[in-house]
Amino acid sequence: MIEILVISIIFFFIVIYIISKSKGNVNTTNNIYSQEYYRGLNYLLNNEDDKALKIFTDLIDVDSSTIETHLALGGVYRRRGEFDKAILIHQNLLSRPKLDKNIKNQTLYELSKDFFSAGLYDKSEKILLNLKQHESYFESCNEYLLLIYELSKDWDNAIKFTKNLKQSNIRKSSIDVIVSHYYCEKANDYKNDNQLNKSITVLRKAIDINNKSKRAYMTLFEFNIHSNPGLALDNLEILLNIDSIYLIILSNEIVSLSTIHQDNNLDKRIYDIILNFSNNNNFSPKLYEFMFNISGYDAPHDYLNLTKTNIFTNIFNNLYLSKNSSDKTYLLNNDLLALIKNNFLTYNCSNCGYTAKNYIWQCPSCNHWETIKPITISERITYSA
Ligand SMILES: [Zn+2]
């Protein structure tokens, strides 16, 4: 009995010794790991990327917990635009034998983003098409795949891909709105290739899928300005019925239609359209000048009445009426008029704040569609007041 007790006590101490020894080893390893880890971080912070990369690469073989560090490091390189380093890190990870399945998928996803950011769309697409078979990656892979088709202007694939998606919205826009934009992009390609008939056929498809396709009607207006001004104005009216803000956005094109054709009937129709769709804040210096000329070179009272709540309407009118006077202030007035006209309209993305000089349908910064909004000088002043 005593022998059993002695053996048990010895056994107990052996177990305690083994446990404490193994803990000691872990601590030693952890210490080495954390020292190296911090040394690597230090290099990274001092922009000594190569040294940092060397340390982090060595650490991979020490402890599998550094995999997270590598994924984070790859992400940092990608955000810094150093895609080759990000690709190298992620490919290094993937070359490890016995890589956990979840980690492997996560690394593949990161690698596809590296290729995407580097503009290597075909390599990115190949990974994403495989990876989307896993449910947890399905949506994010689809989002990247669609961006690839958009950025590489592969509109046929974009249309096919979007129609097969089960979701109803992409980047806050409905699928129908997005697909109609793809058709409009195709129409532009055909037009640039002088294939006008094909271009118009494709624009009709855009309208079939989205009967309020502002872009399709705007394009039809622009296509017909020279060749068929009546049809151009028909499309303009449809567009303005959908959203009257295009009266301001297209003011240059509307006035140029009048200048090209020099036709009183067309001018009368433009005059009616402007009065029909002008309201409160929709004042435009360009349209004012057209209305001034058509009103016998005098203040266009009907137009001024409709837009009088805009703080620039009266200011512009007063400056314009005195611009040819012999008064000494006329030079200053002309400068002010030019200043207002040239800075009247800018464009901002309502989703990310990107600023554009011209009207565009897709924000190049956040890739959302139809989020670029016109901001007039009066709105800018009102916002900053
Ligand atoms: Zn944006």
Taking the Cα centre of the chain as origin, work out the dipole magnitude from +1 charges on Lys and Arg Cβ and -1 charges on Asp and Glu Cβ, in debye rounded to 20. 380
Can you figure out the FRET efficiency of residue 46 with residue 350, using R₀ = 35 Å and their beta-carbon distance, to the nearest 0.05? 0.30
Once phi is turned into ³J(HN,Hα) by the Karplus curve 6.51 cos²θ - 1.76 cosθ + 1.60 with θ = phi - 60°, what whole-Hz value does each residue of segment 248-257 show in order, with x for glycine and proline? 7, 4, 9, 4, 4, 5, 5, 5, 5, 4
Can you find, among 164, 149, 225, the residue sitting farthest towards the positive end of the charge dipole of segment 138-240, where Lys and Arg contribute +1 and Asp and Glu -1 at Cβ? 164
Using amide H atoms built in the peptide plane, which far-off residues or other-chain residues are under 5 Å from residue 375 H to H? 346, 347, 348
If you plug each phi of segment 98-114 into the Karplus form 6.51 cos²θ - 1.76 cosθ + 1.60 with θ = phi - 60°, what whole-Hz ³J(HN,Hα) values come out, in order, with x for Gly and Pro? 6, 7, 3, 4, 5, 5, 4, 5, 4, 5, 4, 4, 5, 5, 5, 5, 4
Estimated dipole of segment 168-316 in Debye, rounded to 20 [Cβ of Lys and Arg +1, of Asp and Glu -1, Cα centre]: 540
Any cysteines in the chain with zero other Cys Cβ atoms under 4.7 Å from their Cβ? List them, or say none. 141, 184
The chain: relative contact order in percent, alpha carbon pairs under 8 Å with at least 6 residues between: 6
Nearest 0.05, what FRET efficiency do residue 143 and residue 381 give at R0 = 41 Å with Cβ-Cβ as r? 0.60
Using only DSSP helix segments of four residues or longer, with each worth -39500 (n - 2.57), what per-residue ellipticity at 222 nm results for the chain after dividing by its residue count and rounding to 500? -22500 deg cm²/dmol
In degrees, nearest 10, the alpha-carbon axis of helix 175-192 is tilted away from the dominant principal axis of the alpha carbons of the chain by 70
For residue 368, which sequence-distant residues (separation of 5 or more, or a different chain) have an amide H within less than 5 Å of its own amide H, given hydrogens modelled in the peptide plane? 363
In Å², what does the accessible area per residue of the chain work out to with a 1.4 Å probe? 56
From most to least accessible, 1.4 Å probe, no ligand or DNA/RNA atoms counted, 98, 85, 172, 123 line up as 98, 172, 123, 85
With label points set 7 Å from each Cα along the Cα-to-Cβ direction at residue 135 and residue 357, the distance between them in nm comes to 5.1
Which FRET efficiency, nearest 0.05, do residue 164 and residue 366 yield, Cβ-Cβ r, R0 30 Å? 0.80
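The values are calculated or read from the model by the stated rules, or taken from the named source; none is laboratory data. Remember, it's a predicted structure, so these values are computed and weren't measured experimentally. Every residue, glycine among them, receives a Cβ derived from its backbone with ideal geometry; neighbour counts consider all protein chains shown. What goes into the accessible areas is simple: the full protein's heavy atoms, side chains included, and nothing from ligands, DNA or RNA. Shrake-Rupley method; radii C 1.70, N 1.55, O 1.52, S 1.80 Å.
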